[in-house]
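Structure, as structure tokens:
The values are calculated or read from the model by the stated rules, or taken from the named source; none is laboratory data. No experiment lies behind these values; they were computed from the predicted model shown. Neighbour counts are summed over all protein chains in view; Cβ atoms, including those assigned to glycine, are modelled from backbone coordinates with ideal geometry. These accessible areas exclude ligands, DNA and RNA; they are computed on the full protein's heavy atoms, side chains included. Shrake-Rupley method; radii C 1.70, N 1.55, O 1.52, S 1.80 Å.
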Amino acid sequence: FEPTEGKYVMVQHNRGCEFLPDGTRVKLVGEEGATEFLLSIPDGQVTRLQVGPPHTPGITGHEAWIAGKNEILMSVRAEGDYAPEKGNLIKVGAEGAPQIVSGGYRFNHVGTSPCGQYFFCDDWQGVSKLVIGSIETGKNTVVCEAHTSMGKSQDTYGHPYLSPDLKWLVFNSDRSGLPQIHVASVPPELIQSLN
């Protein structure tokens with residue numbers, strides 16, 4: 001649900017997803033790629049968002065509402081006009097084309113602060129840098145490195161989460177050989193530098 005007024009539900013549509021008669025999924029997403037739409041409450045009206053082919057590369061399936069904005073922050077496949085140096089972290093609303101929010105990393109898992117001003121993501125390459133940034137200015141910075149394996153299991157992904165008071169970044173890592181939850185402190189001056 002959209003957190004500001006609760007009028008919309010965000011829905012990911014995995015176009016081309018296939019299932020066997022017994023319910024076993026055989027394909028998560030087809031060539032059409034995944035996209036998003038909004039479902040208004042209570043009338044059920046569908047509003048398709050301009051994400052996924054043909055508007056952008058396929059979405060990664062990681063998105064979050066931006067509080068107070070009625071917009072969604074999401075990552076798309078990092079390629080072409082959305083290559084890491086240009087930015088694969090975008091925001092989109094019910095009206096208009098998506099806008100690149102920030103670049104410099106191959107953003108994957110996405111979160112937003114309850115105040116709607118900041119994002120936090122993992123860099124889906126190398127040591128899995130954990131990045132926070134300003135949704136408004138696009139400035140970003142690395143808080144720490146997750147050093148997680150990014151394997152097949154979900155508990156090997158960083159999945160960063162910034163505490164509501166903006167003081168702690170919580171994340172997963174299997175750097176010790178076992179998946180564990182870690183925290184990193186976020187100095188107030190680091191947050192201020194993003195504005």
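Assorted remarks:
- Taking only the Cα atoms of segment 106-154, the ratio Rg/Rh comes out at 1.01, with Rh defined as the Kirkwood radius.
- Per residue, the average separation of C-alpha pairs within less than 8 Å and at least 6 apart gives segment 23-90 a relative contact order of 20 percent.
- Annotation: per residue accessible area for segment 111-183 equals 48 Å², rounded to a whole number [probe 1.4 Å, protein chains only].
- At a probe radius of 1.4 angstrom, the accessible area of segment 22-64 per residue rounds to 55 square angstrom.
- Taken over segment 1-82, the convex hull of the Cα atoms encloses 113 Å³ per residue.
- Carbon and sulfur %, accessible surface of the chain computed with the full protein complex present, 1.4 Å: 51 percent
- The convex hull defined by the C-alpha atoms of the chain has an orientation-averaged projected area of 12.2 nm².
- Relative contact order of segment 47-195: 15 percent, from C-alpha pairs under 8 Å at least 6 residues apart in sequence.
- Value of [θ]222 nm, deg cm²/dmol, for the chain, DSSP H segments ≥ 4, -39500 (n - 2.57) each, nearest 500: -500 deg cm²/dmol
- Cα centroid separation, segment 39-68 to segment 81-98 (Å): 12 Å
- Convex hull (Cα only) mean projected area of segment 47-157, reported in nm² to one decimal: 7.0 nm²
- If you take all other residues with their beta carbon under 14 Å from the beta carbon of TRP65, and give Lys and Arg +1 and Asp and Glu -1, the sum is -2.
- A cut-off of 5 Å between modelled amide H atoms, ignoring neighbours fewer than 5 places along the same chain, links LYS129 with ASP123, ALA146.
- Taken over the chain, lysine pairs spaced eight or more positions apart, or on distinct chains, with alpha carbons under 16 Å apart number 6.
- Along the axis of the charge dipole computed for the chain (Cβ charges of +1 for Lys and Arg, -1 for Asp and Glu, origin at the Cα centre), the listed residues ALA94, LEU38, LEU190 are led at the positive end by LEU190.
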